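So the structure is just underneath, and the comments pick up after that.
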Amino acid sequence: MDNKRIGQISESATFSHCTPLRLYNIPYTILSNRINSHLIYINTIINSQKLTALKEEVIVQEIFDLDSQRFSPRIHNIEDIINRLFAIYDITYIGLYWTFNFVKRQSELYTRWNCPYNYQKAQYKDPEIIEIWFRLF
């Protein structure tokens with residue numbers, strides 16, 4: 001329901017609040033929240049989002065710039081970038097999982113976990129080394 005209809009409902013003497021509820025099949029709480037100008041959840045900024053959309057976009061662009069220079073940014077690198085930005089604007093430092101939530105919030109970013117390559121385990125799969133072992137017996 002848009003604001004024009006809400007204005008018509010509140011100004012009209014013939015309509016009660018129950019009439020649009022029946023006409024549009026909506027709950028009473030939604031209509032009363034809209035009439036009383038309560039914020040909708042979609043329009044509110046969540047607490048974990050300490051930056052504006054423009055600042056978050058700047059951080060994402062800086063991460064992509066680092067990636068284009070063949071430097072794979074890790075979570076602690078992203079955290080340093082954000083802390084430098086916060087130092088400029090005198091905002092408190094970020095929490096423990098804020099960076100992880102930031103990466104989850106951005107659809108362009110994703111994380112991959114790197115694990116070191118175990119060369120000793122890889123030698124067990126090498127047929128030449130296995131063949132040498134069986135020649136001994």
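Which residue out of LEU66, LEU54, LEU85 is touching a Leu at 6+ places or on another chain (Cβ under 9 Å) and assigned by TED's automatic domain parsing to the domain that holds THR111?
Checking each option against the conditions leaves just LEU85.
Consider only pairs whose beta carbons are under 7 Å apart and that are at least six residues apart or on different chains; among these, list those whose first residue lies in the stretch 94-123 and is in the same structural domain as ALA53 (by TED's automatic domain parsing) and surrounded by 10 or more Cβ atoms within 10 Å (Cβ to Cβ) and whose second residue is of a type in the set (A, V, I, L, M, F, W, C) and assigned to a loop (DSSP other than H, G, I, E, B).
VAL103/LEU109
Going through the stretch 96-137 one residue at a time, which ones are of a type in the set (Gly, Ala, Ser) and over 15 Å from the mean Cα position of the chain (by Cα)?
Selection gives ALA122 alone.
Every residue in the stretch 104-122 that is of a type in the set (D, E, K, R) and assigned to a loop (DSSP other than H, G, I, E, B), please.
Hits for the stretch 104-122 are GLU108, ARG112.
Select from the stretch 46-65 the residues that are hydrophobic (A, V, I, L, M, F, W, C) and surrounded by 10 or more Cβ atoms within 10 Å (Cβ to Cβ) and write down the one among them that is modelled with the lowest pLDDT.
In this case the residue turns out to be LEU51.
The values are calculated or read from the model by the stated rules, or taken from the named source; none is laboratory data. Nothing here was measured: the structure is a model prediction, and the numbers come from that model. Every residue, glycine among them, receives a Cβ derived from its backbone with ideal geometry; neighbour counts consider all protein chains shown.
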